[in-house]
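Heads up: the structure comes next, in structure tokens.
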Amino acid sequence: MKLQSRPKVFVTREIAEAPLAVLRRAAQVEVWGRPTPPPYSELRRKLRDADGALTMLTDRIDAAAIAAAPRLRVVSNFAVGVDNIDLEAATRAGIAIGHTPGVLTDATADFAFALMLAAARRVAQGDRLVRAGKWTTWGPRVLLGPEVFGATLGIIGWGAIGRAMARRAVGFQMRVLYATRSAPKRAETDARLAGARRVTIDRLLVESDFVSLHVPLTAQTRHLLGAREFARMKRGAILINTARGAVVDERALARAIRSGHLGGAGLDVTDPEPIARGDALLKLDNVVITPHIGSASYATRERMAAIAVENLIAVFAGKKPPRCANPSVALRPADKPREG
Ligand code: DGY
């Protein structure tokens, strides 16, 4: 009988080859090969015997899954957001949670800006009209929308992605307002953002032509924007969400758009994902919905995979992940080598 000292890692979806090869040199790796996530019961079964897991934002790592995984020392989430993981339960159990901040900032801000342009200038709607054979002529009143250039953009959440969105807005000569609950950690050093003005969320809603969300989903930000907030927004204003669907009360959003108060929305995230067939938002022509692809550029997804692997390997070397979502964790000791 041979003792297996290499840690076991469960990877919940196929990732780029090169980082996977690095992981395979450090651990025994099992990759879930299907294009859809492992069902929760299967995930729990796989974690029971794993030392590490490389998970996606679609994998629920809750207190019950953590309690049923006695060897687990690290969960490396292939995302910056960790709202799919019970951070407190993981920290109590001595499990480090890795994530991928930084590398997806620009890809996500690009996408948020693209959604803003698409929703304002009715890009998806125009495409649907052409494909349906309804493009009969050029018309002076066909698919009109508000101008983005020179408009006021309100950014909720002034982290890396919110600020990257603001930098793009500068090129469109937009007036930028931002709201953040946390006190800025340092003085603004980017001269391009010197014109951005910090205001309360209420002021931002009242004054912005476009409102873009860039906050993590937490107990405090769940349904941050609902009926009351939409009523405060300007008539015709457009909401952009590339953060998490549950930051918005989507039923209230659909009502605010259907009533004509809001001009539309660009949503890369919904609650739930995928959006339910028959959801009221799908019936609104002035809503652009994409399948959570804000960070989906080739380069960004490669970098996310590389970081997710680095985070795992660090823990197997006795360190905390370089990008750790629960840095106060006291790492659970490695379990005995298994027989194999
Ligand atoms: C994240 O990383 O949290 C994004 O939503 C997915 O790229």
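Read-outs throughout are calculated quantities, based only on the coordinates presented, and are distinct from any laboratory measurement. None of these values were measured; they are calculated from a predicted model. Neighbour counts run over all protein chains shown; Cβ positions are idealised from the backbone, glycine included.
Can you give the helix-only mean residue ellipticity at 222 nm for the chain, where every DSSP H stretch with n ≥ 4 adds -39500 (n - 2.57) and the sum goes over all residues, rounded to the nearest 500 deg cm²/dmol? It would help to have the intermediate numbers written out before the result.
Details: 11 runs with 109 residues, N = 340.
Result for the chain, helices only: -9500 deg cm²/dmol.
Using the per-residue mean of other Cβ atoms lying within 10 Å as a proxy for protection, in what order, highest first, do the peptides 207-217, 264-274, 121-131 fall?
Working: 207-217: 23.5, 264-274: 20.5, 121-131: 14.6.
Those peptides, ordered most packed to least, come out 207-217, 264-274, 121-131.
When the C-alpha atoms of region 105-289 are aligned to their principal axes, what extent does each axis show, in angstrom, from largest down?
For region 105-289, the Cα spread along each principal axis is 54, 34, 29 Å.
By the scheme Lys and Arg +1, Asp and Glu -1, what is the net charge of all other residues having a beta-carbon under 13 Å from that of TYR178? Intermediate values should be presented prior to the final figure.
Numbers: positive: ARG163, ARG167, ARG175, ARG181, ARG197, ARG198, ARG203; negative: GLU188, ASP190, GLU207.
Taking every Cβ under 13 Å from that of TYR178, the sum is +4.
Considering only C-alpha atoms, what is the centroid distance from region 293-324 to region 180-253, in Å?
The distance from the Cα centre of region 293-324 to that of region 180-253 comes to 28 Å.
What are the residues whose amide H is under 5 Å from the amide H of ASN77, where those residues sit 5 or more places off or on another chain and H is modelled from the backbone?
Distant-sequence amide H within range of ASN77: THR55, GLY98, HIS99.
Just check region 156-237 against the gyration tensor rule for me: Cα atoms, a ≥ b ≥ c as the square roots of the eigenvalues, rounded for a/c under 1.5, and otherwise prolate or oblate depending on whether a/b exceeds b/c.
Numbers: a/c = 2.03, a/b = 1.26, b/c = 1.61.
Verdict is oblate for region 156-237.
Average the reciprocal distances over every distinct pair of alpha-carbons in the chain, invert the result, and give the Kirkwood radius in Å. Please list the in-between numbers first.
Values: mean 1/r = 0.0463 Å⁻¹.
By the Kirkwood definition, the hydrodynamic radius is 21.6 Å.
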